[in-house]
1. Can you name the helices (runs of 4 or more DSSP H) wholly within segment A:218-335 that have at least 1 residues being within 14 Å of chain B (Cβ to nearest Cβ) and over 30 Å from A:L162 (Cβ atoms)?
2. B:A181 versus (1) within 25 Å of B:R290 (Cβ to Cβ); (2) assigned to a strand (DSSP E or B); (3) hydrophobic (A, V, I, L, M, F, W, C): which is the lone unmet condition?
3. Could you list all residues from segment A:12-55 that are assigned to a loop (DSSP other than H, G, I, E, B) and either more than 26 Å from the chain's Cα centre (by Cα) or closer than 17 Å to A:H91 by Cβ (or both)?
4. Pick from B:L100, B:L162, B:L81: which is more than 8 Å from chain A (Cβ to nearest Cβ) and either in contact with a His (Cβ under 6 Å, 6 or more places away or on another chain) or over 21 Å from B:A30 (Cβ atoms) (or both)?
5. Identify the single condition in (1) touching a residue at least 60 places away in the same chain (Cβ under 8 Å); (2) farther than 30 Å from A:D335 by Cβ that A:L87 does not satisfy, given that it satisfies every other one.
6. So which residues in segment A:86-97 are under 14 Å from A:C115 (Cα atoms) and either open to solvent by 10 Å² or more (accessible area, probe 1.4 Å) or more than 8 Å from chain B (Cβ to nearest Cβ) (or both)?
7. Which of the numbered conditions does A:R24 fail, given that it passes all the others? Conditions: (1) open to solvent by 10 Å² or more (accessible area, probe 1.4 Å); (2) over 30 Å from A:W260 (Cα atoms); (3) modelled with pLDDT under 95.
2 protein chains.
Amino acid sequence: MQTLQVDLGERTYPIYIGSGLMARADLLAAHIVGRQVAIVTNETVAPLYLQALKQSLAGYSVTEVILPDGEAFKNWETLQLIFDGLLGARHDRRTTVIALGGGVIGDMAGFAAACYQRGVNFIQVPTTLLSQVDSSVGGKTGINHPLGKNMVGAFYQPQAVLIDTQSLTTLPARELSAGLAEVIKYGLICDEPFLTWLEENMQALLSLDQQALTTAIERSCAAKARIVAADERENGVRATLNLGHTFGHAIETEQGYGVWLHGEAVAAGTAMALEMSHRLGWITEAERNRGIRLLIAANLPVVPPKDMTPEHFLQHMAVDKKVLDGQLRLVLLRDLGDALVTSEFAHEILHATLGADYVALVNQLEN
Amino acid sequence: MQTLQVDLGERTYPIYIGSGLMARADLLAAHIVGRQVAIVTNETVAPLYLQALKQSLAGYSVTEVILPDGEAFKNWETLQLIFDGLLGARHDRRTTVIALGGGVIGDMAGFAAACYQRGVNFIQVPTTLLSQVDSSVGGKTGINHPLGKNMVGAFYQPQAVLIDTQSLTTLPARELSAGLAEVIKYGLICDEPFLTWLEENMQALLSLDQQALTTAIERSCAAKARIVAADERENGVRATLNLGHTFGHAIETEQGYGVWLHGEAVAAGTAMALEMSHRLGWITEAERNRGIRLLIAANLPVVPPKDMTPEHFLQHMAVDKKVLDGQLRLVLLRDLGDALVTSEFAHEILHATLGADYVALVNQLEN
């Protein structure tokens, strides 16, 4: 088992990474103060892991809250089911909410924990690669609003994150790839040598080699923990974690949540950020191609939906959380492994990036 | 103008108290960072003060969100109207939410500010006595759930509280009295000399003497600021601010929110806490009577609804936020001006308190 620390003063917490950690009752018990626990999970994950997790919680009064599965349910109505479950079983302020599932479950269970009786304890047990390397670390929680993704939420840190790498053996291939979009992101924004490692190990990751997965998760979480510790509330460097996300959110919003997986939208958005960074003259064509090839190697889409015009993108991007005083800011690359957040770009270059022919670009890469 | 400070480290903020402060554009501007402002108010307050406040916000892009009035609307559906207004007008993370109204508006606007894009700036402009002396200070925000009051919320501190005492001139007498329940509370829990002052000045307060009101507000806010600074997240002494509230919340829940005003329910609950403290032998009969007489002098109810049995009370009290690991804790008085939070009482004494004949007690006081 590997243990990383997210350094946030009095809100510091550990990330445990290893095989079979759901069976480690001792790790869970170390982060539960009262006698009440509520496991929040969904209809897909519950049949796979709920019993295993409950066995590690013998002696506690456990409430199960099983939500419908999918980004389309990341809304207030579904969140309300968590509050109903907690209040129905009379959970008090010392209860611990445990999120068992992917990013949607973690975001909703975390937001419920942040709001229930104005804040109760919270443990993340992420079961998808995407949630293990990204959303379970750093304390961002929330739900979607019809007018924008993650528009309602809280910064709320868990007591611990417990990553059981065995849970990836039941993950659909498409979701594994979606998680790799965020793994590749860490290489692009702050760890160029990791890109080389990923190029060499992509097939091992896709074939679920446990050692390769553990390395990738650890390196990703370490990068995220470092960035979050430096900027918990996203006043600066933390925003670089959103490489590809502003474009990607626009895709998710336009298509309706849940049609594209989050990681898939981020992959296409990352391709756009690479293209724009190249058009700005910050990275070379070869560097752009290297990034896009890695996304393709992870079986990720790098072409935005063909019915989306630049106007569609701009409309959704105007409500992005990185907009300040009406000015759009984007995460772009000064270099591979070196991201920045900036509003200093010619609008024409943004427009050209949004309207670029990504199909032709991919065809060219494949020839 | 008087200025108090709530000392909370990097979240320290001022409370301004004075006549005509809504016209002080400079005070508002000092606490607004961006160019966007959203005023959240209700249908009752808007015709009285919205234009005046907007005149002090010339130069800002102002969005108005006017909610229906009343505790019955302190729920998710109404909160959603605030998010709709903010997103509809594309407010970004640097926006400032201003709560203009009573406690319900302050709690909901504050919770919306806490959650919108995971937290934006927030200014309280409380217009009722109750919100001026209690809910606008200390950062408690939230909404009700069908199974319990204030069960969903956040600790979220404003940038500033601006108390314009002139707004009390339009307050219905019943709501003025409801606010006095919380004023009297401060005397009972931590400021015995203030009880004497209140006994001497109750008529001045009820006839809206501006100087008496200013003194009462200042002394109440100072007490609250002191307690909140010592215990922001209610791990200890802050819970004493809930004198009468556990009984009171049970009354509000049983009767349906909005039938009794919050302050009225707290007044009856405070009478019950005085009775229980007396039954436990901690305060004398004369002290109990002194407290209850002061509540009566403020035109407040001190008799719980006659259809409420001890079982009704116990059922609602079991979901109180002060319950820990299944054990009910109550705020009681060791002495006038000296409150404690305790679960150490015989259940029979609680039961006798819930079933006591408060009508007979009041009749006896009046003879």
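1. Numbers: elements: A:245-255, A:262-279, A:285-297, A:310-317.
The helices (runs of 4 or more DSSP H) meeting that bar are A:245-255, A:310-317.
2. (2)
3. The initial filter retains those residues of segment A:12-55 that are assigned to a loop (DSSP other than H, G, I, E, B), namely A:12, A:19-20, A:24, A:30-35, A:43-45.
Correct list: A:H31, A:I32, A:V33, A:G34, A:R35.
4. Working: B:L100 fails: either in contact with a His (Cβ under 6 Å, 6 or more places away or on another chain) or over 21 Å from B:A30 (Cβ atoms) (or both); B:L162 fails: either in contact with a His (Cβ under 6 Å, 6 or more places away or on another chain) or over 21 Å from B:A30 (Cβ atoms) (or both).
B:L81 is the lone residue from the list that is more than 8 Å from chain A (Cβ to nearest Cβ) and either in contact with a His (Cβ under 6 Å, 6 or more places away or on another chain) or over 21 Å from B:A30 (Cβ atoms) (or both).
5. All conditions are met except number (1).
6. Our first condition is that a residue be under 14 Å from A:C115 (Cα atoms); within segment A:86-97, this holds for A:86-87, A:91-97.
Listed by number, the residues that qualify are A:L86, A:H91, A:R93, A:R94, A:T95, A:T96, A:V97.
7. (3)
To keep it simple, each residue is scored yes or no on (1) in the same structural domain as A:A286 (by TED's automatic domain parsing); (2) touching a Cys at 6+ places or on another chain (Cβ under 9 Å); (3) farther than 26 Å from A:L243 by Cβ.
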position	(1), (2), (3)
A:G106	no, no, no
A:G119	no, no, yes
A:L130	no, no, no
A:G138	no, no, no
A:L147	no, no, no
A:A181	yes, no, no
A:L188	yes, no, no
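The values are calculated or read from the model by the stated rules, or taken from the named source; none is laboratory data. The structure displayed is predicted, hence computed values, not measured ones. Virtual Cβ from ideal backbone geometry, glycine too; neighbours counted across all protein chains shown. These accessible areas exclude ligands, DNA and RNA; they are computed on the full protein's heavy atoms, side chains included. Shrake-Rupley method; radii C 1.70, N 1.55, O 1.52, S 1.80 Å.
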